[in-house]
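Step one of this worksheet: look at the structure below.
The values are calculated or read from the model by the stated rules, or taken from the named source; none is laboratory data. All of these numbers come straight from a predicted model, not from anything done at the bench. Positions of Cβ are backbone-derived with ideal geometry, glycine not excepted, and every protein chain shown enters the neighbour counts. Side chains included, ligands, DNA and RNA excluded: accessible areas come from the protein's heavy atoms. Shrake-Rupley method; radii C 1.70, N 1.55, O 1.52, S 1.80 Å.
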Amino acid sequence: MEKFDLAIIGAGPAGYEAADFAAKNGLKTVLIEKDNLGGTCLNSGCIPTKTLLHTADLYHDVVAQAEKIGLSYSEFNYDMVKMQQRKEEVLSTLRDGIAKLMKMRKVTVLSGVGKVIDEHKISVTKDDDVQIIEADKILLTTGSVPAIPPIEGAQYAMTSDDLLNSDKAYDNLIIIGGGVIGIEFASLYTALGKKVIIIEALDRILANMDKEFAQSLKMLLTKKGTQIHVKSMVTKLEKQDGEFICYYTEKDKQQMAKADCILMAVGRRAYSKNLFDENFAVEMDRGKIKVNEFYQTSVSNIYAAGDVIGGIQLAHTATAEAINAVCHMLGKDMIYETSLIPSCVYTNPEIASVGMTADEAKKIGKKVISLKYPMGANGKTVLSLQERSFVKVIVEAETNRILGAQMMCARATDMISQFTQSIANKMTLADMKKVIYPHPTFSESIGKVIE
Ligand code: NAD
């Protein structure tokens, strides 16, 4: 039986990054994966969505702007089959990159289903072959899967995994759930000129983020023909003559909508199915693995990180948690401050947020100043014909320290890291004002908002 210092089950952004970090720090590491390397993020989440969005946004921009910016074409269209082929090329390049990295670090990669048998043993099953390995420490990073609510007819809806692999761009799409997944698919489909209906149970889309994002996005999406129904609960789905029908209640009234595809995007749930032998278990909480502040489960040499422990389900959070867990195994201080997580939504314009919103600050009794810069005054925004956009920064009134930032503008997802740095390093407005921003850039808006 081969022995390792660390065995990791699940090769997503938590698992493979932790394997890389552990191996760099001298641990003999094995990484076990039942599917492709890269997990949800690379195979059915962030990367495929953003690849398709890249084409869709280019398509939309050319159609919407060509005449204004001096371009002309005789025929211009998109091809979903080729978009899917391009997406597969991207995924395969990035998967190869992970495989090469694991090889370079001398991490053993085992293909098969991992199951924890006891505190130190794991079985790895591939077809009829079962291999048992032993490890001093175990890290569980098995991720999450789309949640399917108990709605009658839910089987008629596609999940984001299904729709991402579809060679067909549906003309009419109903999206159940106005969270991040729902909104990114709505952006993709509206950019391709399709009809989209969003049905959201809460009182606004992107309900976990600053309400100004929801207001601005609602305006932009409705301008492109998207219908948004909030405070609306889906009650039943049906299929009739090849068409899908979605019944929902909106302001206590029964409503229905028809489409040729329905996407279920109501959240993701931790994936821990068959992860433990029937005679062995760690403490769980409704499918999620319970961990302490060091990512240890109820069995102290078994750690867990990423979507499988619940909390914020983001690839970069999962990576940070998993590396922090390995730090603890190594007896080192944890590297990452996981209370400060930037979140990004790949709409057009992009949305990014970090730290507190003004509402969150007020809720905990903090006096804040909210500074806002409309990007209509930014040269790069005007010349590249960007849509309605803004940068907002939340400052503590008493100390002038930066507490949060919300951006809805081109390159927001790249620029938000400047605010993450300032918040993590407890910088004040005066500290940020010392920096010169190059002109003309989108990032000048950061200089302007703090001015
Ligand atoms: P979510 O929790 O962000 O949003 C789900 C939405 O569905 C909620 O607003 C909820 O109110 C609504 N809802 C639930 N049941 C409903 C019903 N019966 N009828 C109508 N609406 C209903 O979940 P998601 O959008 O599926 O995303 C899952 C996870 O993946 C999230 O944690 C998200 O942050 C993450 N993710 C992140 C990115 C990114 O960072 N760009 C992209 C995709 C997904």
Name the pairs whose Cβ atoms lie under 9 Å apart, with the first residue in the range 131-155 and within 26 Å of V109 (Cβ to Cβ) and more than 10 Å from the ligand (Cβ to nearest atom), the second assigned to a helix (DSSP H, G or I) and among the aromatic types (F, W, Y), and 6 or more positions between them or separate chains?
-> T141/Y16
Hey, any hits in the range 441-451 for a residue that's open to solvent by less than 10 Å² (accessible area, probe 1.4 Å) and modelled with pLDDT under 95?
-> yes
Given the conditions (1) polar (S, T, N, Q); (2) in a loop (DSSP other than H, G, I, E, B); (3) open to solvent by less than 60 Å² (accessible area, probe 1.4 Å), and given that N279 satisfies all but one, which numbered condition is not satisfied?
-> (3)
Within the range 310-340, considering residues that are open to solvent by 30 Å² or more (accessible area, probe 1.4 Å) and within 14 Å of the ligand (Cβ to nearest atom), the one farthest from P146 (Cα to Cα) | H316
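Where in the range 351-451 are the helices (runs of 4 or more DSSP H), entirely inside, with at least 1 residues that are within 27 Å of the chain's Cα centre (by Cα)? Give the steps one after another, and end with the answer.
Values: elements: 358-363, 379-383, 412-424, 429-433, 444-450.
Per the criteria, 358-363, 379-383, 412-424, 444-450.
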Can you name the residue in the range 58-103 that is assigned to a helix (DSSP H, G or I) and among the small types (G, A, S) and, of all such residues, is farthest from S166 (Cα to Cα)?
-> A66
Give the range 166-211 a look and list any residue that's outside any helix (DSSP H, G or I), out of contact with any helix residue (DSSP H, G or I) (no Cβ under 7 Å at 6 or more places or on another chain), within 23 Å of Q84 (Cα to Cα) and not acidic (D, E), or say none.
-> S166, Y170, N172, I174, G193, K194, K195
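Looking at K231, is it away from the ligand (no atom under 11 Å from the Cβ), open to solvent by 40 Å² or more (accessible area, probe 1.4 Å), outside the structural domain of F390 (by TED's automatic domain parsing) and out of contact with any Gly (no Cβ under 8 Å at 6 or more places or on another chain)?
On the way: away from the ligand (no atom under 11 Å from the Cβ): no; open to solvent by 40 Å² or more (accessible area, probe 1.4 Å): yes; outside the structural domain of F390 (by TED's automatic domain parsing): yes; out of contact with any Gly (no Cβ under 8 Å at 6 or more places or on another chain): yes.
So K231 fails the test.
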Has the range 297-304 got any residue that is in a strand (DSSP E or B), more than 15 Å from the ligand (Cβ to nearest atom) and within 26 Å of G45 (Cα to Cα)?
-> yes
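Would you call E243 over 30 Å from I309 (Cβ atoms), within 11 Å of the ligand (Cβ to nearest atom) and charged (D, E, K, R)? Quick ask: steps written out before the conclusion?
On the way: over 30 Å from I309 (Cβ atoms): yes; within 11 Å of the ligand (Cβ to nearest atom): no; charged (D, E, K, R): yes.
The answer is no for E243.
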Out of the residues in the range 218-228 that are within 15 Å of the ligand (Cβ to nearest atom) and not aliphatic (A, V, I, L, M), state the one that is least open to solvent (accessible area, probe 1.4 Å).
-> Q227
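Can you name the residue in the range 126-149 that is over 15 Å from K115 (Cα atoms) and under 24 Å from the mean Cα position of the chain (by Cα) and, of all such residues, is most open to solvent (accessible area, probe 1.4 Å)? Talk me through it step by step, then tell me what you get.
Within the range 126-149, the subset over 15 Å from K115 (Cα atoms) is 136, 144-149.
From what is left, the residues that are under 24 Å from the mean Cα position of the chain (by Cα) are 144-149.
Details: S144: 7, V145: 38, P146: 23, A147: 23, I148: 95, P149: 31 Å².
Only one residue tops the list, namely I148.
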